[in-house]
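> The structure is given below, and queries will be raised subsequently.
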Amino acid sequence: EAALQEKWIAMVTPLLEKSNLIIPSPASWKPIYGGRKGEHTEHLQPLLKEMTEVYTIDPSADW
């Protein structure tokens, strides 16, 4: 897993820097577990609301 993470960082960092974005130090990364147990961060609810907006307005809508 560490080797994969290093490879990912090596690939992503130049792209982020090119976009004037800075990736935080991997040492500061903290994994969040529990999604499969129904434990989610506060960021999920607004995303779910947006993704289900059309269905909520018109369940019979086709697209």
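> Give just the number: which of (1) of a type outside the set (A, V, I, L, M); (2) at pLDDT 90 or above; (3) more than 18 Å from the chain's Cα centre (by Cα) does ASP62 not satisfy?
With (1) of a type outside the set (A, V, I, L, M); (2) at pLDDT 90 or above; (3) more than 18 Å from the chain's Cα centre (by Cα) applied to ASP62, the lone miss is (2).
> Step by step: first the residues of the range 48-59, then only those that are outside any helix (DSSP H, G or I) and over 18 Å from the mean Cα position of the chain (by Cα), then the one that is surrounded by the fewest Cβ atoms within 10 Å (Cβ to Cβ). Which residue is that?
PRO59
> Can you find even one residue in the range 27-47 that is over 16 Å from the mean Cα position of the chain (by Cα) and among the acidic types (Asp, Glu)?
no
> Between a residue in the range 23-36 that is more than 14 Å from TRP8 (Cβ to Cβ) and of a type outside the set (A, V, I, L, M, F, W, C) and any residue that is outside any loop (DSSP other than H, G, I, E, B) and modelled with pLDDT of 85 or more, which pairs come within a Cβ distance under 9 Å, given they are 6 or more apart or on different chains?
GLY35/LEU44
> List pairs: first residue in the range 46-63 and among the small types (Gly, Ala, Ser), second residue assigned to a helix (DSSP H, G or I) anywhere in the structure, Cβ distance under 6 angstrom, at least six positions apart or on different chains.
Listed pairs, sorted by first residue: ALA61/VAL54.
The values are calculated or read from the model by the stated rules, or taken from the named source; none is laboratory data. Computed from a prediction, not measured in an experiment: that's the story for all the values here. Positions of Cβ are generated from backbone atoms using ideal geometry, with glycine treated the same way; all protein chains shown enter the neighbour counts.
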